[in-house]
Amino acid sequence: MASTKNERTFIMVKPDGVQRGVVGDVIHRFEQRGYKLVALKMLQAPRALLESHYEEHKGKKFYEILLAYIGSGPVVAMVWEGLNAVSVGRKMLGATDPAKSEPGTIRGDFGIVTGRNIVHGSDSETSAQREIALWFKPDEISQWTHTAEQWIYE
Ligand code: IDP
């Protein structure tokens, strides 16, 4: 699919990120970069939602640990919109293992181990569409015009 300014990604601050007090920092980084926040909510995710979200990992040895971790407290679920939101969002998050994440990335600045890696971000446009539909109803996603758009894009 051609890149568009309407590309959306699903970003979630995990329970450790909420407890560590980095929700504001994660939001700030995406805002500062020029991305547009179009949906946000805090919730304690029910198991069924987490089973759907992490269906690709079902059967792996860390699956139950992962579901217990993400279900252990509230998360902050967000949709961010903008050019290359998925791929740039992943770069901003850093590697899955914070030890392999560059300083300057969210995981590289706030995390140490994979099992407490602070944030989730969609890994492809297909995943993003699937995850956004899982976590948000269509009417929970806002359409609005970024007044700075002409200063963010040529
Ligand atoms: P991603 O979150 O960077 O896309 P995935 O491989 O999709 O990485 O894994 C999903 C999540 O599962 C990771 O973010 C991490 O929280 C957890 N995870 C992945 N591998 C392990 C592991 O080996 N031990 C513990 N948790 C893991």
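Numerical summary
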{"quantity": "Residue in region 76-88 that is within 11 Å of the ligand (Cβ to nearest atom), at negative phi and in contact (Cβ under 8 Å) with a residue 24 or more places away in the chain present", "calculated": "no"}
{"quantity": "Qualifying helices (runs of 4 or more DSSP H) (wholly inside region 33-120; at least 2 residues being surrounded by fewer than 16 Cβ atoms within 10 Å (Cβ to Cβ))", "calculated": "47-53, 63-70"}
{"quantity": "Contacts under 8 angstrom Cβ, first residue in region 142-154 being on the phi < 0 side of the Ramachandran plot and in a helix (DSSP H, G or I), partner among the small types (Gly, Ala, Ser) and surrounded by 11 or more Cβ atoms within 10 Å (Cβ to Cβ), 6 or more apart", "calculated": "ILE152/GLY34; ILE152/GLY82"}
{"quantity": "Single residue of SER72, SER3, SER101, SER87 found to be small (Gly, Ala, Ser) and in contact with a Lys or Arg (Cβ under 6 Å, 6 or more places away or on another chain)", "calculated": "SER101"}
{"quantity": "So LEU134, is it hydrophobic (A, V, I, L, M, F, W, C), in contact (Cβ under 8 Å) with a residue 12 or more places away in the chain, part of a helix (DSSP H, G or I) and open to solvent by 20 Å² or more (accessible area, probe 1.4 Å)", "calculated": "yes"}
{"quantity": "Only one of LYS41, LYS91 that is farther than 21 Å from TRP144 by Cβ and within 13 Å of the chain's Cα centre (by Cα)", "calculated": "LYS91"}
{"quantity": "Hits in region 113-153 (condition: within 12 Å of the ligand (Cβ to nearest atom) and not hydrophobic (A, V, I, L, M, F, W, C))", "calculated": "THR114, GLY115, ARG116, ASN117, HIS120, GLY121, SER122, ASP123, SER124, SER127, GLU131"}
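The values are calculated or read from the model by the stated rules, or taken from the named source; none is laboratory data. As the structure is a computational prediction, the values presented were derived from the model and not from experiment. Note: ideal-geometry Cβ built from the backbone for every residue, glycine included; neighbour counts use all protein chains shown. Heads up: the accessible areas ignore ligands, DNA and RNA and are worked out on the full protein's heavy atoms, side chains in. Shrake-Rupley method; radii C 1.70, N 1.55, O 1.52, S 1.80 Å.
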